[in-house]
Amino acid sequence: MIHRQEIANVLKSPTVGEEVTVMGWVRAWRGNRFMVLNDGSGAETLQVVVNGEDFDEETIRAIGFHACVGVTGELIESQGAGQAVEVVAKEIIIYGATDLSTYPLQAKSQTMEFLRENAQFRMRTNTFSAVFRLRHALAFATNKYYNDRNFYYLHTPIITGNDAEGAGEMFRVTALDPASPPKDEDGNVDYSQDFFGKSTHLTVSGQLQAEIGALAMGKVYTFGPTFRAENSHTTRHLSEFWMIEPEIAFADIDNNQDLAEDFLKYLINHCLDNYRADLEFLDERIKQSEKNMKAELRRPMGLLEMLEFTVKDDFARITYTEAIRLIQGSKPYKKKKFEFPVEWGTDLQAEHERWLVEKHFKKPVIVRDYPKGFKAFYMRLNDDNETVAAMDILFPYIGEMVGGAQREEREDVLRARMKEMDVHADELAWYLQLRTFGGCPHAGFGLGFERMVMFVTGMGNIRDVIPFPRAPKSADF
RNA sequence: GCCUCAGUAGCUCAGUUGGUUAGAGCGGCGGACUGUUAAUCCGUAGGUCAAAGGUUCGAGCCCUUUCUGAGGCGCCA
């Protein structure tokens, strides 16, 4: 039986004079005397004073960067500046020494790219342990938020038989031999002989199945991995990412907006209330990295300041039509600085969204009622017959954080839209039946979980907020 | 999928119009050091210049192809 105290608990209510046993990884080893220990229980470290005459040389030599050690000793008031208390080591156990001549990491700041390639060790750094504690915090807060509001957590399938969920390229799932798959008369691969007796893929969204849940249990949410085989090379896309998709019955687009805004603020508040030290560390990290940058490239607000500001103020709410009008009246539009055209009927490009969020409103913006031409078939047609009850929530630095809509509950309208957009009704017969039998107005949205982790941690690349990122040409670990 | 930039020591980078034996800081290793906070000081070893091909008397540098990474755009969350 191993007994140890977690460093976060020791530091929360330190009792000077008490004997403590702590275990963790060495973050720094200074002057052959001071060992800085972190065990992951929080952002804080505990300094251990090692008096050379009390230990044999072998033990002293084994202490080094990222070595794993256990220490028993007396907690005393620190004699140096920089920490309130420290431990004078009485006993040291070396659990795992680190051969520094071959260990990839170093006790200095390293690039995100290098750490990404060494993901087996990157969680030992201050930055990544903070990021992944906050990732946990956001996942926990998500489940708590919905549980406390009588939503049910619905596990939608990861392997799907729906060919068209309308959200991008899909990864095929097959048990057929890729070298010699069975063929039909026309020479095409015969998926009726495949494992499931049909063509199957990894899910791109749990929304359609979540609608089944909402139209029986009232309020449900999904929270699971989703997959997109898009060849995207950006800092905001992954091939495998996690999505939170609440779906609620007896709700329209206004209920949907309120839920999304309240939920996002709840998530941020949970982190501000419970993970202050990690946020302060990340805030400081960003400030340090921006020190040598030109003023206009720096963030206008620090991380903590921005999170607190986001929670305090209402999100801006506008329609697509208003957004177009605002952009057409903007300075960059008049000076022809935008690369893409802005006129009613075209989708908002990243440059336009950035102007709205970062320059005009300077806070999150909810845009609703988009033209039906470039939105999905299941979004509810508005009375103007031109727009649909879709909503996107745009965040500074992130872009689209949330995409959602009131769903089309009128079967005839839905059938017409599917026909218009070339979605085969026979493949989604079960989805149409939700309208034929006991349907009602309902709405929901999808939140890209990693984008939320990016916003809260201030990390600039989505690959650095998921432990083991999957992206084109990249599936290590 | 499109565009731009990059790949030189373990890491981060410098390397002039193509010219002798490719450099620095950090890290490593060896040593010193009993109050450090990115500890400090002294010493020292590290290189198939991404890969292949080409131009040239001569290529880290020029050309071609491939691979890898970063960033931007599109697609989206």
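The values are calculated or read from the model by the stated rules, or taken from the named source; none is laboratory data. Worth saying up front: this structure is predicted, and the values here are computed from it rather than measured. Glycine also receives a Cβ, built like all others from the backbone with ideal geometry; neighbour counts cover every protein chain displayed. With ligands, DNA and RNA removed, areas are computed over all heavy atoms of the protein, side chains included. Shrake-Rupley method; radii C 1.70, N 1.55, O 1.52, S 1.80 Å.
Checking A:Ala8 against (1) open to solvent by less than 40 Å² (accessible area, probe 1.4 Å); (2) over 25 Å from A:His136 (Cβ atoms): exactly one of these is not met. Which one?
(2)
Please state which of the following conditions A:Thr59 fails to meet, knowing it meets all the rest: (1) free of Cβ contacts under 8 Å to residues at least 12 places away in the same chain; (2) outside any loop (DSSP other than H, G, I, E, B).
(1)
Filter the range A:23-53 for residues that are more than 10 Å from RNA strand B (Cβ to nearest atom) and aromatic (Phe, Trp, Tyr) and give the result.
A:Trp25
Among the residues of the range A:439-462, which ones are open to solvent by 50 Å² or more (accessible area, probe 1.4 Å) and either away from RNA strand B (no atom under 11 Å from the Cβ) or outside the structural domain of A:Phe395 (by TED's automatic domain parsing) (or both)?
The first filter runs over the range A:439-462 and keeps only residues open to solvent by 50 Å² or more (accessible area, probe 1.4 Å), leaving A:441, A:460.
If the condition is that a residue be open to solvent by 50 Å² or more (accessible area, probe 1.4 Å) and either away from RNA strand B (no atom under 11 Å from the Cβ) or outside the structural domain of A:Phe395 (by TED's automatic domain parsing) (or both), then A:Pro441 is the only one that fits.
Mind checking which residues of the range A:415-433 are modelled with pLDDT under 90 and in contact with a strand residue (DSSP E or B) (Cβ under 8 Å, 6 or more places away or on another chain)?
If the condition is that a residue be modelled with pLDDT under 90 and in contact with a strand residue (DSSP E or B) (Cβ under 8 Å, 6 or more places away or on another chain), then no residue fits.
Yes/no matrix, rows are residues, columns are (1) open to solvent by 20 Å² or more (accessible area, probe 1.4 Å); (2) within 16 Å of RNA strand B (Cβ to nearest atom); (3) modelled with pLDDT of 95 or more:
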position	(1), (2), (3)
A:Ile248	no, no, yes
A:Ile253	no, yes, yes
A:Glu261	no, yes, yes
A:Lys265	yes, no, yes
A:Asn274	yes, no, yes
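If the requirement is being in a loop (DSSP other than H, G, I, E, B), more than 23 Å from A:Met123 (Cα to Cα) and open to solvent by 20 Å² or more (accessible area, probe 1.4 Å), which of these qualifies: A:Gly80, A:Gly40?
Of the residues listed, the single one that is in a loop (DSSP other than H, G, I, E, B), more than 23 Å from A:Met123 (Cα to Cα) and open to solvent by 20 Å² or more (accessible area, probe 1.4 Å) is A:Gly80.
The conditions are (1) in contact with a strand residue (DSSP E or B) (Cβ under 9 Å, 6 or more places away or on another chain); (2) open to solvent by 10 Å² or more (accessible area, probe 1.4 Å); (3) more than 22 Å from A:Thr319 (Cα to Cα); (4) free of Cβ contacts under 8 Å to residues at least 60 places away in the same chain, and A:Thr436 fails exactly one of them. Which is it?
(1)
Checking the conditions here, which among A:Lys144, A:Lys219 is surrounded by 14 or more Cβ atoms within 10 Å (Cβ to Cβ), charged (D, E, K, R) and at pLDDT 95 or above? Talk me through it step by step, then tell me what you get.
Values: A:Lys144 fails: surrounded by 14 or more Cβ atoms within 10 Å (Cβ to Cβ).
Matching residue, one of A:Lys144, A:Lys219: A:Lys219.
For the condition of a type in the set (Phe, Trp, Tyr), touching a residue at least 24 places away in the same chain (Cβ under 8 Å) and open to solvent by less than 80 Å² (accessible area, probe 1.4 Å), what is the one hit in A:Trp25, A:Trp29?
Numbers: A:Trp25 fails: open to solvent by less than 80 Å² (accessible area, probe 1.4 Å).
The unique qualifying residue is A:Trp29.
Looking only at the range A:384-418, filter to residues that are part of a helix (DSSP H, G or I) and either within 16 Å of RNA strand B (Cβ to nearest atom) or basic (Lys, Arg) (or both); which one of those is surrounded by the fewest Cβ atoms within 10 Å (Cβ to Cβ)?
The qualifying residue surrounded by the fewest Cβ atoms within 10 Å (Cβ to Cβ) is A:Arg415.
Do we find that A:Val423 is assigned by TED's automatic domain parsing to the domain that holds A:Arg135, in contact (Cβ under 8 Å) with a residue 60 or more places away in the chain, under 21 Å from the mean Cα position of the chain (by Cα) and open to solvent by less than 50 Å² (accessible area, probe 1.4 Å) in this structure?
Spelling it out, it is not the case that A:Val423 is assigned by TED's automatic domain parsing to the domain that holds A:Arg135, in contact (Cβ under 8 Å) with a residue 60 or more places away in the chain, under 21 Å from the mean Cα position of the chain (by Cα) and open to solvent by less than 50 Å² (accessible area, probe 1.4 Å).
Quick check on my filter: what residues within the range A:260-291 are in contact (Cβ under 8 Å) with a residue 40 or more places away in the chain, within 24 Å of A:Phe315 (Cα to Cα) and either not charged (D, E, K, R) or not in a helix (DSSP H, G or I) (or both)?
Result: A:Ala260, A:Phe263, A:Leu264, A:Tyr266, A:Leu267, A:Ile268, A:Asn269, A:His270, A:Cys271, A:Asn274, A:Tyr275, A:Leu279.
Could you please let me know if A:Ala229 is crowded, with 21+ Cβ neighbours inside 10 Å and either in a helix (DSSP H, G or I) or over 16 Å from the mean Cα position of the chain (by Cα) (or both)?
Against the criterion (crowded, with 21+ Cβ neighbours inside 10 Å and either in a helix (DSSP H, G or I) or over 16 Å from the mean Cα position of the chain (by Cα) (or both)), A:Ala229 does not qualify.
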